[in-house]
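Enquirer: Pasting a structure here, questions to come.
The values are calculated or read from the model by the stated rules, or taken from the named source; none is laboratory data. Everything numeric in this text was worked out from a predicted model, so none of it was measured. Neighbour counts run over all protein chains shown; Cβ positions are idealised from the backbone, glycine included. For the accessible areas, the whole protein counts, side chains as well, though only heavy atoms, and no ligand, DNA or RNA atoms are used. Shrake-Rupley method; radii C 1.70, N 1.55, O 1.52, S 1.80 Å.
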There are 2 protein chains.
Amino acid sequence: MSETRTPAIQDEYAAEFAQCYGCGRLNKDGHQFRTVWQGEKTYTEYEPASEHTAIPGFVYGGVIASLIDCHGTGSASLALHRKNGFEPGSGEEPPRFVTASLHVDYLKPTPQGVTLKAFGEVEEIHPKKFKVTIEVIADGTVCATGTVVAVVMPSSFGK
Amino acid sequence: MSETRTPAIQDEYAAEFAQCYGCGRLNKDGHQFRTVWQGEKTYTEYEPASEHTAIPGFVYGGVIASLIDCHGTGSASLALHRKNGFEPGSGEEPPRFVTASLHVDYLKPTPQGVTLKAFGEVEEIHPKKFKVTIEVIADGTVCATGTVVAVVMPSSFGK
């Protein structure tokens, strides 16, 4: 890891919330998506592996859905963390969100071998519920759009 | 492969359409989802791997979205194949669908270590466009529901 890499929200999750196959920094087998602010938008980039294919040459939709999913929860966490007065790198533990719903529209076949760029806009629809609207861009073309409704993880989650 | 295993629609895809990370029988690194008829519903089962975690003990939503995605396209293929007079195992090449849109509602945390069961109902909304409504069940509980709109892969796909 470069010392100068922009801190991502996932860098700050508590260890028990950093095991996610999509965005957990401690999941060595996962995608390790990292979500940062880029101006007023949120940003995650990812280059799918060669096995993440739909048909040869094009990216599997489930990986795009995964990118959108974690970009959504990460963006919601960035937004609430900022509302609480913090930014990634401050060392404060951010709120952890879970996905209530995920919607993806696949607009174009997504080419493999390029870095996908996901941009998000975050809207608070309730103090504990955020909607994130996302575009996934490959080689300058919007290949998929998505919407994630993310809610603060209830303390009862999984109990 | 057992000689008596029920043929899945993915067993019949042409080789160039059998590389999918979700459901391609030829993708050794993928999930290899297999979709079959079960009465009038379609059925796919899958046990996520230990690394497919959201938080420890619970399945990553992106893997559930992937299961719903491929169950959707596989179910649409099963339905159109049947409409054309064929069933998996007949040796006829089935139509290959792509996902136009994917929607997932995450209703409950999905436990790891159990086989997930996805059931689908297929509705033709146009001769080349099918809607599949899906329930994902773990340990008898519906943990997620999904809707996939799948369209016959255009011959121009990716060109």
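Enquirer: Enter the accessible area per residue of the stretch A:9-152 (Å², integer; probe 1.4 Å; all protein chains in place). Present the calculation step by step, with values, prior to reporting the outcome.
Expert: On the way: 5610 Å² over 144 residues.
In whole numbers, the stretch A:9-152 has 39 Å² accessible per residue.
Enquirer: Something else about it: If one takes the accessible area of chain B alone plus chain A alone and subtracts that of the pair, with a 1.4 Å probe, what total in Å², rounded to the nearest 100, results?
Expert: The contact between A and B buries close to 2800 Å².
Enquirer: Taking chain A as the reference, fit the longest principal axis to its C-alpha atoms, fit the long axis of helix A:61-83 to the helix C-alpha atoms, and give the angle between the two in degrees, 0 to 90, nearest 10.
Expert: 30
Enquirer: Of A:His52, A:Gly120, A:Leu102, whose Cα points farthest to the positive end of the dipole of the stretch A:9-152 (charges on the beta-carbon: +1 Lys, Arg; -1 Asp, Glu; origin at the Cα centre)?
Expert: A:Leu102
Enquirer: So what is the relative contact order of chain B, in percent, for Cα pairs below 8 Å that sit 6 or more residues apart? Walk me through the numbers on the way to the answer.
Expert: Numbers: 333 pairs, mean separation 36.5, N = 159.
Across chain B, relative contact order equals 23 percent.
Enquirer: Moving on to the next point. According to a simple spin-label model (label point 7 Å from Cα along Cα-to-Cβ), what is the distance in nm between B:Glu51 and B:Leu107?
Expert: Distance between the two pseudo-spin positions: 3.1 nm.
Enquirer: Could you let me know the centre-to-centre spacing of the stretch A:120-157 and the stretch A:1-62, using Cα atoms, in angstrom?
Expert: 15
Enquirer: Continuing with the same structure: Just for the Cα atoms in the protein assembly as shown, what are the lengths along the principal axes, largest first, rounded to whole Å?
Expert: So the three principal-axis extents are 62, 44, 33 Å.
Enquirer: Grab the beta carbon distance between B:Ser90 and B:Thr133, set R0 = 22 Å, and tell me the FRET efficiency rounded to 0.05.
Expert: On the way: r = 26 Å, r/R0 = 1.19.
Given R0 = 22 Å and the Cβ-Cβ separation, E is 0.25.
Enquirer: Next up: Output needed: percent of Cα pairs per 5 Å distance bin for the stretch B:9-152, bins running from 0 to the one holding the longest distance.
Expert: Reading upward from the zero bin: 2, 11, 21, 24, 20, 13, 6, 2, 0, 0.
Enquirer: With +1 on each Lys and Arg Cβ and -1 on each Asp and Glu Cβ, how big is the dipole of the stretch A:9-152 about its Cα centre, in debye rounded to the nearest 20?
Expert: Details: 12 positive and 18 negative charges, 42 e Å.
Taking the Cα centre of the stretch A:9-152 as origin, the dipole is about 200 debye.
Enquirer: Roughly how much of A:Phe86 is accessible, in Å² to the nearest 10, using a 1.4 Å probe?
Expert: Here the accessible area works out near 70 Å².
Enquirer: Please go through the residue pairs A:Lys131/B:Lys128; A:Lys83/A:Lys131; B:Lys28/B:Lys129; A:Lys108/B:Lys129; A:Lys128/B:Lys108; A:Lys117/B:Lys129 and name each one whose alpha carbons sit more than 22 Å apart in this structure.
Expert: On the way: A:Lys131/B:Lys128 32 Å; A:Lys83/A:Lys131 15 Å; B:Lys28/B:Lys129 29 Å; A:Lys108/B:Lys129 16 Å; A:Lys128/B:Lys108 17 Å; A:Lys117/B:Lys129 29 Å.
Checking Cα-Cα distances, A:Lys131/B:Lys128; B:Lys28/B:Lys129; A:Lys117/B:Lys129 exceed 22 Å.
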